[in-house]
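Scroll down for the structure; my scribbles are underneath it.
FYI, it's all coordinate maths here, none of it is from the lab. Just so you know, these numbers come straight off a predicted model, no measurement behind them. Ideal geometry is used to build each Cβ from the backbone, glycine not excepted, and the neighbour counts take in all protein chains shown.
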Amino acid sequence: MNRLRNGRYPLSLTAGLVILGLIALLVAGAPLLAPHDPLEQKAAERLEKPSASHLLGTDRFGRDVLSRTLHGGSMTLGASVLALASALAIGLLAGLVAGMFHRTWVDVVLMRIIDTLMAFPFMVLAIVIAALFGTGFIHLLIAIVSVWWVAFARLTRSVVLQLKSETSIAAAQVLGAGTTVILMRELLPRAMSPVLILATFELGSLILTLSALSFLGLGAQPPSPEWGSMLADGRDHFLQAPHILLGPTLFIVMTVLAFNLIGEGLRDRLDPYERAKL
């Protein structure tokens, strides 16, 4: 099974944490570990192949690819975590309220909003926001958060509806607990486990989405280093200097893999149905 020999921690969780810890260490230590200034341009060294002075080579402006990859991680990962935290907070609140006031006008309105956003193509929304307010990471985050919260809201609502039928909730109501107390003390803590599992998987998808939209020019703008924009910057020189794409591609793949492994481990650890299978 997907567990270590001590029977306590899933192997995927341990592997994911190790990979993520290494990536976080490299990104956080970029000011010390990066061998060059990520914005420094050297026309004489453009498109150099990997060497002792440039481990991942240089791009079309002579900038060190490794330095830009390390520094770009803080923007990609920071923006992804910020967007996820915002979407998670909105989704939890909306799901708790919709579940608590099931079959009332509040639930109906929230669910119609959720259905509408889920039916609306996300890429179209991101392009519309970029066209109205301009390109940039802030506007890209607004577009992502405005849609990404619906998955958390639907899951939270379904969990709340299931928990409301339990005797502990009825007992709390009989003892005079108010709606806010029931939401915050009874429903929210018990809804967090499945939502956190989903959030871990969603963070990997969020990183891919941010990178893809930056690749299309809707996110970070030059000369700021960011993994998606670095891929876009190097695509015209792929046949001539494929090493330009190696750094950001490797970091994106490994980061998404780490979060997926962590999500699987948390599911095995926290989900009672998965624990029963082990």
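Can you list the equivalent-ellipsoid semi-axes of the stretch 106-170, largest first and in whole Å, using the square root of 5 times each Cα gyration tensor eigenvalue?
Each semi-axis is the square root of five times an eigenvalue, giving 33, 12, 8 Å.
By count of other Cβ within 10 Å, fewest leading, how are 105, 149 ordered?
Least to most surrounded, the residues fall as 105, 149.
Treating the angle as unsigned and between 0 and 90°, give the value, to the nearest 10°, between the Cα long axis of helix 246-270 and the longest Cα principal axis of the chain.
So the helix axis and the longest Cα principal axis differ by about 20 degrees.
Tell me the label-point distance for the pair residue 180, residue 49, using the 7 Å Cα-to-Cβ offset, in nm and rounded to one decimal.
Result: 6.8 nm between the two label points.
For residue 119 and residue 11, what is the calculated FRET efficiency with R₀ set at 51 Å and r taken between the beta-carbons, to the nearest 0.05?
In this case the efficiency is close to 0.85.
Which one of 158, 76, 145 is farthest out on the positive end of the charge dipole of the stretch 34-167, using unit charges on Cβ (Lys, Arg +1; Asp, Glu -1) and the Cα centre as origin?
Going by the Cα projections, it comes out as 158.
For the stretch 120-136, take each phi angle, set θ = phi - 60°, evaluate the Karplus expression 6.51 cos²θ - 1.76 cosθ + 1.60, and give the result in whole Hz per residue in order, putting x for glycine and proline.
7, x, 5, 4, 5, 4, 4, 5, 5, 5, 5, 5, 7, 10, x, 7, x
Only counting other Cβ atoms within 10 Å, I'd like 59, 233, 107 sorted with the fewest neighbours first.
Ordered by Cβ neighbours within 10 Å, fewest first: 107, 233, 59.
Label-point separation (nm) for residue 171 and residue 205, each offset 7 Å from Cα along Cα-to-Cβ?
Once both label points are built, they end up 3.7 nm from each other.
Could you sort the peptides 49-57, 66-74 by per-residue average Cβ neighbour count (10 Å cutoff), highest mean leading?
Result, highest mean Cβ count within 10 Å first: 66-74, 49-57.
Calculate, for residue 42 and residue 163, the FRET efficiency according to 1/(1 + (r/R0)^6) with r their C-beta to C-beta distance and R0 45 Å; round to the nearest 0.05.
For R0 = 45 Å, the calculated efficiency reads 0.15.
I need the peptides 121-131, 12-22, 258-268 ranked by packing, meaning the mean over residues of other C-beta atoms within 10 angstrom, with the highest value on top.
So the peptides 121-131, 12-22, 258-268, ranked by packing, come out 258-268, 12-22, 121-131.
What fraction, in whole percent, of alpha-carbon pairs in the chain exceed 29 Å separation?
Value for the chain (Cα pairs over 29 Å): 45 percent.
How much FRET efficiency would the formula 1/(1 + (r/R0)^6) give for residue 32 and residue 253, where r is the Cβ-Cβ distance and R0 is 22 Å, rounded to 0.05?
Efficiency, rounded to the nearest 0.05: 0.35.
What net charge do the residues around residue 114 carry, taking every other residue with its C-beta under 12 Å from that of residue 114, with Lys and Arg at +1 and Asp and Glu at -1?
Once positives and negatives cancel, what remains is +1.
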